[in-house]
Amino acid sequence: MAGKSLVFTVIILTAIIFAPTTYAEEEIRLAPPSDTTMPKIEHAPIMEKVKSGKPLVISAKVTDNTKVEEVIVFYRAAEAENFTPLKMKIVAGDRYEAIIPEAVVREPRIEYFIQATDSAGNTIMRGIKISPLTVKVEPPIITKPEEIVSEVEPPDIQIPAPAEGDREEKKFGWGWAVLGAVAIGLVAAGLGGGDGGGGDGNTGSVTVRAPVPETP
């Protein structure tokens with residue numbers, strides 16, 4: 001009787017001692033494996049030049065086997081020392097987007113990289129701090145101000161054309177006057193020559209008509 005009691009006691013003590021260990025092993029055995037899958041970033045670098053002083057849109061498609069926790073773009077102007085983080089937002093499906101402000105977008109370039117993290121803490125980057133992606137920035141187009149055009153039209157002043165007779169008198173008036181003076185001189189010279197010859201002096205008169213030139 002005493003032997004049976006001893007055996008029963010040993011069985012109970014053995015169960016108490018080894019039961020927690022057995023339970024703990026079952027917990028470890030039933031725990032799910034840790035998530036080690038990295039998120040995936042799909043992003044095409046911007047190849048064309050952008051205008052200085054214009055906002056720059058950065059977009060990327062980010063996926064994960066469980067859940068994407070956050071997507072951040074880090075950017076800086078070419079001469080800046082540090083990158084500025086900017087959280088990207090979902091715009092449609094798995095596509096994320098962020099807008100770099102226009103004050104930062106200036107020549108000669110913008111540098112950036114994208115970082116994605118999932119719910120397990122796995123992090124991946126597209127571009128890195130020591131070798132970022134770049135976008136070339138060109139100076140803005142400077143346009144000249146429009147010339148101010150007066151809305152008041154100049155008065156329509158018409159100068160009448162001279163009459164046909166006036167043109168002829170202006171053109172030939174002085175010529176006729178000179179010819180008339182020459183003719184008078186020749187007649188006077190001829191009359192004077194007759195008196196010098198001793199004969200009877202014949203007197204006569206010559207009338208020369210010519211238009212009087214207008215005073216300019």
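If you take the residues in the stretch 36-50 that are in a loop (DSSP other than H, G, I, E, B) and aliphatic (A, V, I, L, M), which one is least open to solvent (accessible area, probe 1.4 Å)? First the steps, then the outcome.
To start, the set of residues in the stretch 36-50 that are in a loop (DSSP other than H, G, I, E, B) comprises 36-39, 43-49.
Next cut, aliphatic (A, V, I, L, M) only: 38, 44, 46-47.
Working: M38: 99, A44: 78, I46: 32, M47: 156 Å².
Step by step, filter the stretch 36-50, then rank; the result is I46.
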Legend entry - Selection status of I90, out of contact with any helix residue (DSSP H, G or I) (no Cβ under 8 Å at 6 or more places or on another chain), surrounded by fewer than 13 Cβ atoms within 10 Å (Cβ to Cβ) and not hydroxyl-bearing (S, T, Y): yes
Inset, instruction - Could you list, in sequence order, all residues of the stretch 93-113 that are over 23 Å from the mean Cα position of the chain (by Cα), more than 17 Å from M47 (Cα to Cα), open to solvent by less than 80 Å² (accessible area, probe 1.4 Å) and modelled with pLDDT of 95 or more? - result: D94, Y96
Inset, instruction - Considering only residues that are without any contact (Cβ under 8 Å) to a residue 60 or more places away in the chain and over 13 Å from V62 (Cα atoms), look in the stretch 114-131 and name the one that is least open to solvent (accessible area, probe 1.4 Å). - result: G127
Legend entry - Looking only at the stretch 51-81, and only at residues there that are of a type in the set (D, E, K, R) and surrounded by 17 or more Cβ atoms within 10 Å (Cβ to Cβ), the one that is farthest from V137 (Cα to Cα): D64
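The values are calculated or read from the model by the stated rules, or taken from the named source; none is laboratory data. This structure is a prediction, so every number in the text was calculated from the model and none was measured. For neighbour counting, all protein chains shown are included, and Cβ atoms are generated from backbone atoms with ideal geometry for every residue, glycine included. Side chains included, ligands, DNA and RNA excluded: accessible areas come from the protein's heavy atoms. Shrake-Rupley method; radii C 1.70, N 1.55, O 1.52, S 1.80 Å.
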